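Participant: First the structure, then my questions, so here it is.
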Amino acid sequence: MVARAFTFEVGLQFAVVRAKLLRANPSNPAGMAAVAASEERIDHYIDSLGLRDLLAIAVYNGAEAHVVSGNLKAIETLLVAVKRDGLRCTKLNVDQGMILRPGLFKNSNFILGFHSSAIAPSLPELKSWLDEHEGSFKSLEKPFFSTLRGKEIPKHDRLSSQYWVWFLIDHHRLV
């Protein structure tokens, strides 16, 4: 977890709760795809295909290596366009809770957060769970740069449940 903001146990519980909430809402099937293209090029595809409300770049693995996440049909539409232009892309083997297979990406063996607008219906319950467990959040063991706040968060600060909800909303481009 980020800068050890949670205990290991609470971090795992958070991942499990998130996955359960997402699986409980199958009305918006989601998926992920690895695309060998720049962020700008992927954004161009997403916009030109009219998929901005359905897809987002979820993971940056390098200048020409990104993971796109969101609505499953939109992922498939994107893959057709990307393949037609000769770019490498792969639909990833993930489930609705978005637990990646270990070793799928170089240097990774982790649970990946769900990075799409499909999380929106789950936010109220997730916020409630975070509020209930906020007392067990830890002070940061090391500083880290928050892309949400656009600045470094110092060592010993505690991230609130609202921070995590804002992070999910901002990261998934829901606002």
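Participant: Taking neighbour counts of Cβ atoms within 10 Å as a proxy for exposure, in what order, fewest first, do W164, W129 appear?
Facilitator: Values: W164 21, W129 18.
Exposure proxy ranking, most exposed first: W129, W164.
Participant: Give me F167, F145 ranked fewest to most by other Cβ atoms within 10 Å of their Cβ, as a rough exposure proxy. Present the calculation step by step, with values, prior to reporting the outcome.
Facilitator: On the way: F167 17, F145 11.
So the ranking, lowest neighbour count to highest, is F145, F167.
Participant: Right, here's the next one. Taking 0.36 nm per residue of separation and subtracting the Cα-Cα distance, what length does fully extending F8 through S48 add?
Facilitator: Details: separation 40, 0.36 × 40 = 14.40 nm, distance 4.17 nm.
That pair, F8 and S48, stretches by 10.2 nm at full extension.
Participant: Ok, one more. To the nearest 0.05, how large is the calculated FRET efficiency for W166 and A36 if R₀ is 22 Å and r is the Cβ-Cβ distance? It would help to have the intermediate numbers written out before the result.
Facilitator: Working: r = 31 Å, r/R0 = 1.41.
The value I calculate is 0.10.
Participant: Which lysines have a Cα lying under 27 Å from the Cα of K138, excluding residues fewer than 8 positions away in the same chain?
Facilitator: Cα-Cα hits under 27 Å: K20, K127, K151, K155.
Bear in mind these aren't lab numbers, they're just calculated from the coordinates by the rules spelled out. Owing to the predicted nature of the structure, the values given are computational and were not obtained by experimental measurement. With ideal geometry, Cβ positions are generated from the backbone for all residues, glycine too; neighbour counts draw on all protein chains shown.
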